[in-house]
Structures are given as C-alpha cells and as structure tokens.
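As structure tokens, the structure follows; a few thoughts come after it.
The values are calculated or read from the model by the stated rules, or taken from the named source; none is laboratory data. The shown structure was predicted, so the numbers you read here are calculated from the model rather than taken from an experiment. As a convention, Cβ positions derive from the backbone with ideal geometry for all residues, glycine included, and neighbour counts pool all protein chains shown. Accessible surface areas use protein heavy atoms only, side chains included; no ligands, DNA or RNA. Shrake-Rupley method; radii C 1.70, N 1.55, O 1.52, S 1.80 Å.
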Amino acid sequence: MSEKNVYNDTDKGIEIHPIAGRIGAEISGVRLSADLEESELAIIREAILKYKVVFFRAQSHLDDAGQEAFASLLGEPVPHPTVYSKKGSQYLLELDSSRGGGTNSWHTDVTFDVAYPKYSILRGVVIPAAGGDTVWANTAAAYQNLPAELRSLVDRLWALHTNDFDYAARHNLEETDKDPARYQDGGFVSSVIEAEHPLVRVHPETGERTLVLGHFVKKIIGLSSVDSAQLFSLLQNHITQIENTVRWRWSVGDVAIWDNRATQHYGVLDYGDQHRVVRRVTINGEVPVSVDGRQSVHVRKVKPDHVTNAS
C-alpha cells in the first residue's frame, strides 16, 4: 500500500489503512473504551464519515458493559425497537447462530423505524473457524455512480419500509424471555412497524446523497407491485456491485463501526453448524430528509392479529 493511502498520527500512534477503493478502513493504535481522548474520538468520527465502515482488531478487553460505554461516546445508544436486549445489558442486541443464524440478505439496520440508527457498533464474540464474514456496501457511491437520468428519477421516489421480515426479531429471543404475547409457534413475533422514507436521503453531516433501500423495503410508493420490484432490484444491484463493497473476515475481539445512513451490509451465512455470536449497539439517528427537504414519516405500529395477548 502506498504511503499516501495511510493516515498516520505520530503523536497518537494511530494509523488508518483503507481496505477497498470505495469503502472501508482498518484503524490501528486505538484501544476502544469509554476513556478515549476527544482527539482520538474525533479521528474515529472523521474516518467513519469518510470510509463508511471502520474496523478495529484485537479489542478483546471489551466486555458487554465496555462496548455500551464506548458506544455512548458516539451518541445516544438505543435498544432494538422490537427485540429484547441481552440480559444484563441496556442496549446490546445479540445475534447467536444457535438461535437462528445470520442475516443473509442486504439491509440497512432498522429502516422500518422513522429515525433509524446513524451508527452501529458490532463486536465479534464467538467466530467460526471459517465463514461468517460480513460485507458492507457504500450507498453514497452507488447513488453517485447511477446514470444521471436514473438519479433524477429516484430523487423523487419514496418507499414503504416494514419489519414484516426482521431477521433480528425472528432469531434473537432467549428461551428464558419468552412472552406469550411476543413468542409463538417457535418464533419471535413483534409489533409491526412501518415508515416511509425517500429513496434518496441527504446525509446530515457530509451532504452526500445516499440510497435508502435494503430488505425492509415493502414497496416503492406510487408504482405497481411489478414495477416496484423491478426498480428495487435494479437499484439494489447498483448498490451491491462489487466495486462498492468491502468484506471483513472476523476474529474474536474485532469491532466494526459503520455509518448506517450511508451503507448496507450482509452477514454471510456460510458456516454450517459452527457457532457464531456477535453483539451490536446502535446509536440514535435523525429522521431522514429527502432531496426536496421533506422528512420521513412514521406510518404505523400495531400488533399482528394472530398474536394473543399475555395473560
């Protein structure tokens, strides 16, 4: 790697090495904790905005409380809106393959909520000997590389996002936390949450335009179901072009932090019956704003009819 591609803060001992051409960088020389100096935190924040996802190796000193404490430096941690936090924690979402597996589809976290998270902080706890990588895509680069005519179209369109398919809700209920109102027929059943977002939001810090899609999209508003599906597929293919992506091979103690406003990601379910555990904290986000200045809107939050009330 050429020297011009390496950030080096000799005073702090911090180095930033870009991984792929359009997204992703590894930061070394930082021990993540709630005791980080403001200057170190500023470097991390700037790197997240520039590279969209940043990685830290060998952070095994972090436990659940330490991860939550560090995350609070980046903003206001918030629990998942429909899934219980890990026992003993306030905000940690645990994804444990023994209770369901990986995401295995492209998404931006929690876009069914009107103000979905701005950052996600993910820590590797139990990692398979092979497989279980995560891939991220840069939705700002994807938008920028659309043909001008297609950018003009998507600038005006909105989509309905729903948690009808929420991988976290289906795979992340601990046996001891089963509530008859929320757990039924062997699977987690959450309230239905829906929001309308522009297909293109203006990033509140960088000013970039980013595509807002992923597997929580139910339909593109104003289009027939067939046209919606075809346009969704076309745009998703632009987002996930290999040129827009970076892939991370996890080790125990690794931490990834990504800008959830400018990325999608995909947890690869290729590790068979090996055990994989990762834990995530999300940071409260802003209500997205469209190119023409309109804000996303909350649509509904209802309990499905087939869920019985707890006694």
request  = Determine, for each peptide in 85-96, 110-121, 267-278, the mean count of other beta carbons within 10 angstrom over its residues, then list the peptides with the highest first.
outcome  = 110-121, 85-96, 267-278
note = Mean accessible area per residue over segment 51-161 (1.4 angstrom probe, all protein chains present, square angstrom) is 33 Å²
query = Hey, what's segment 224-282 come to in accessible area per residue, 1.4 Å probe, Å²?
reply = 40 Å²
ask   = Using a 1.4 angstrom probe and counting only protein chains, how large is the accessible area of Asp227 in Å², to 10?
value = 80 Å²
Cα shape, segment 52-109, gyration tensor, a/c 1.5 rule = rounded
request  = For segment 192-199, take each phi angle, set θ = phi - 60°, evaluate the Karplus expression 6.51 cos²θ - 1.76 cosθ + 1.60, and give the result in whole Hz per residue in order, putting x for glycine and proline.
outcome  = 8, 10, 9, 9, 9, 10, x, 5
query = Going from most exposed to least, what order do Thr263, Thr206 have by accessible area with a 1.4 Å probe?
reply = Thr206, Thr263
query = Among rounded, prolate and oblate, which fits segment 34-138 when a ≥ b ≥ c are the square roots of the eigenvalues of its C-alpha gyration tensor, a/c under 1.5 means rounded, and a/b larger than b/c means prolate?
reply = rounded
remark   = Pseudo-spin-label distance Leu36 to Ala115, built 7 Å along Cα→Cβ, given in nm, is 2.2 nm
message = Longer than 25 Å from Cα to Cα, which of Lys50/Lys118; Lys12/Lys118; Lys86/Lys218; Lys86/Lys219; Lys86/Lys118; Lys118/Lys219 are they? Say none if no pair is.
response = Lys12/Lys118; Lys86/Lys218; Lys86/Lys219
